[in-house]
Amino acid sequence: MTTPADDAPSPCIDVCRMNPATGFCEGCWRTIDEIANWTAFDAAQKRAVLSRGASRRKGARVVSIGERFTATLALPADSIKSFATLVNDLNPLHHDEAYAEASRFGSLIASGTQPTAHMMAMLATHFSQDAQPLGLEFGIKLTRAVKANDVLAMSWHVTDAKWKASLKGDLVTLEGEARNQHGELVMKASATIVVMPKEPSA
């Protein structure tokens, strides 16, 4: 009988040589732990190992090319006001409800730095679970005002990654976006970061 764990076949091709420089098998591109635990992995874990192996063949060591992750950000009026105060953005569109309601926007709008900060923070939060990320370059295009009480669906995906010996990590490029609860695009983003293996605990 086929079990869910059988959905992902072993990538072993009987070339079993561990590369001391990368820590990966030269045949299947798995680590020694991934090889040893393969039969205990469920289908999702096996597919994750296969995805990492495919990325390693392309030059990545830490991240998976094509990897996607998402987050949700709710922006009530109080959040907009407090964040704008925190970053010293004194535009009344972020603080004065009467002023903002009389404007072309019809309500308070978030400082552009607010969704931008959350998009950037997503990268740190996601990759720091298993590695050590460091931001290098970000590109942000704001396409629509974010209004009070909007709820943003934010997403990133890894478009490329290659090991950079001088940085001791993967040099990673990503594309991202944020959409409001109506599905309208409010932000397009790009990023270049380095993701390094996490240092072992002392």
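The values are calculated or read from the model by the stated rules, or taken from the named source; none is laboratory data. Bear in mind the structure is a predicted one, so any value in this text is a computation, not a measurement. Because the Cβ atoms are built from the backbone with ideal geometry, glycine has one as well, and the counts that use them run over all protein chains shown. Just the protein is used for accessible areas: all its heavy atoms, side chains included, with ligands, DNA and RNA removed. Shrake-Rupley method; radii C 1.70, N 1.55, O 1.52, S 1.80 Å.
Phe138 meets all of the listed conditions (1) part of a strand (DSSP E or B); (2) of a type in the set (Phe, Trp, Tyr); (3) out of contact with any strand residue (DSSP E or B) (no Cβ under 6 Å at 6 or more places or on another chain) but one, namely (3). Filtering the stretch 62-110 to residues that are of a type in the set (D, E, K, R), surrounded by fewer than 13 Cβ atoms within 10 Å (Cβ to Cβ) and in a loop (DSSP other than H, G, I, E, B) leaves only Arg104.
Residues that are open to solvent by 80 Å² or more (accessible area, probe 1.4 Å) and either modelled with pLDDT of 90 or more or within 20 Å of Ala145 (Cβ to Cβ) (or both): does the stretch 5-24 have at least one? No, that holds for no residue.
Rundown of residues vs (1) closer than 30 Å to Leu93 by Cα; (2) more than 12 Å from the chain's Cα centre (by Cα); (3) touching a residue at least 12 places away in the same chain (Cβ under 8 Å), yes/no style:
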{"residue": "Met119", "(1), (2), (3)": "yes, no, yes"}
{"residue": "Ala148", "(1), (2), (3)": "yes, yes, yes"}
{"residue": "Leu167", "(1), (2), (3)": "no, yes, yes"}
{"residue": "Arg179", "(1), (2), (3)": "yes, yes, yes"}
{"residue": "Lys198", "(1), (2), (3)": "no, yes, yes"}
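With respect to (1) charged (D, E, K, R); (2) surrounded by fewer than 16 Cβ atoms within 10 Å (Cβ to Cβ); (3) outside the structural domain of Ala131 (by the TED database), the lone exception for Arg30 is condition (2).
Listed here are the residues, each with its yes/no results for (1) of a type in the set (Gly, Ala, Ser); (2) over 18 Å from Gly112 (Cβ atoms); (3) not assigned by the TED database to the domain that holds Ala165.
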residue: Trp38; (1), (2), (3): no, yes, yes
residue: Ala43; (1), (2), (3): yes, yes, yes
residue: Arg52; (1), (2), (3): no, yes, yes
residue: Thr72; (1), (2), (3): no, yes, no
residue: Ser79; (1), (2), (3): yes, no, no
residue: Ser82; (1), (2), (3): yes, no, no
residue: Leu86; (1), (2), (3): no, no, no
